Amino acid sequence: MHPSPPMKKQAINNPMKNHAIRFLLLTCLVCLTCGCGKHTPTLEQPVRRVESPARLISTVPSITEVLFDIGLGDRIVGDSRFTTYPPETKKIEKIGGLHDTSWEKIIALKPDLVLMLIGKESCGMQFPELGVETLLLDHRSMEGVLESYELIGKRFGPDVMKDAMVGKDALEKKLKAIQSKSAIFEPVRVLVCVDRDRESGKIQNAYVAGTSPYFQDAIRWAGGTNVAETTGLAFPNMSAEGLLAMNPDVIVDLMISEVVKRSGNSSDAGSERKEADIVAACVADWRTLGNEVNAVKTGRIYVLTENYATIPGPRTPLFVEKLFEILHGE
């Protein structure tokens, strides 16, 4: 992955901040830190190609979700420790995260195929050194996600290709349906915040969705105009002054549910109360920008805690639909 944004040392140890950073890295998808594990292989071996791979390793949640959507979930023997969906993934062996991949565990799992995201090519080359075939996919945009269905189908053969195309067509149909609904509305100027300092009680160090293709697509399909696209950066770090200048009509702050629930009590009711408190505090932070910001003045500040907002894949229509409801009140 690309280097994480500069963070205060104490913030790095905060569970909520760690997962928020993880979201930012996953959605940016510029590269993978595949070489961050304790073991780095150096002895190159012939790559073993299995006609119909039965033992798969998925290195990120977005790939895991696509594999399950195609019907290959039962072949996954290892995946990221950040994967939480679908529920069946709880039983799958975890190979670590983006920065702590366990090479020893991967070797022990004896995979036929490792599926990973396009990024630093040197990362992708380490599995061939182990004699393991890799399939590189691009999930930086929904176009890339849709293409990954075809690439996986092509690799596994005609039967899987049929299922892959069914999944791809269903995903496209859902996205186009939302686009059709939003087309009759005037675009709404929206700011999507993907990570920020949540400890200060005010808005600072806000990383927002800029030119990231995934977020650009989602906002456009939902009938919005991304106020941060003019920055020319995928995830620009905005100050309060910069946000005031952008003056969005709607603000959407993304906080994945696992982060919120981890801060809650053990009981469901307690977790819900704690989540409500955290969401309320999040909204209060944005209100410190003052009524000079249209979204603050009109009360159009929204907090999303569903993790499907952060993972390009078959659940992306849920995120786009939620954005549509926020922007157009449907």
Practice prompt. Take Tyr207 and decide whether it is within 23 Å of Leu289 (Cα to Cα), buried (at least 18 other Cβ atoms within 10 Å of the Cβ) and not basic (Lys, Arg).
Written response: yes
Output for Cβ contacts, cut-off 6 Å, separation at least six or different chains, first residue without any contact (Cβ under 8 Å) to a residue 40 or more places away in the chain in region 173-184, second surrounded by fewer than 16 Cβ atoms within 10 Å (Cβ to Cβ) and aliphatic (A, V, I, L, M), reads none
Screening Leu244, Leu191, Leu233 for residues that are at pLDDT 95 or above and in a loop (DSSP other than H, G, I, E, B) leaves only Leu233
Within region 172-186, is there a residue that is surrounded by 15 or more Cβ atoms within 10 Å (Cβ to Cβ), out of contact with any Lys or Arg (no Cβ under 8 Å at 6 or more places or on another chain) and farther than 17 Å from Leu318 by Cα?
yes
Cβ pairs under 8 Å, 6+ apart or interchain, first in region 101-119 and assigned by TED's automatic domain parsing to the domain that holds Leu137 and crowded, with 19+ Cβ neighbours inside 10 Å, second among the hydroxyl-bearing types (Ser, Thr, Tyr) and assigned to a helix (DSSP H, G or I), ordered by first then second residue, are Leu117/Ser62
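Would you please name the residue that is modelled with the highest pLDDT, looking only at residues in region 216-230 that are part of a helix (DSSP H, G or I) and polar (S, T, N, Q)?
Gln216
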By my count, helices (runs of 4 or more DSSP H) wholly in region 64-172 with at least 3 residues that are modelled with pLDDT of 95 or more and closer than 17 Å to Pro53 by Cβ are 142-156
Within region 194-215, of all residues that are of a type in the set (Asp, Glu) and assigned to a loop (DSSP other than H, G, I, E, B), the one farthest from Met255 (Cα to Cα) is Glu199
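The values are calculated or read from the model by the stated rules, or taken from the named source; none is laboratory data. Owing to the predicted nature of the structure, the values given are computational and were not obtained by experimental measurement. No Cβ is skipped: glycine too gets one built from the backbone with ideal geometry, and neighbour counts run over all protein chains shown.
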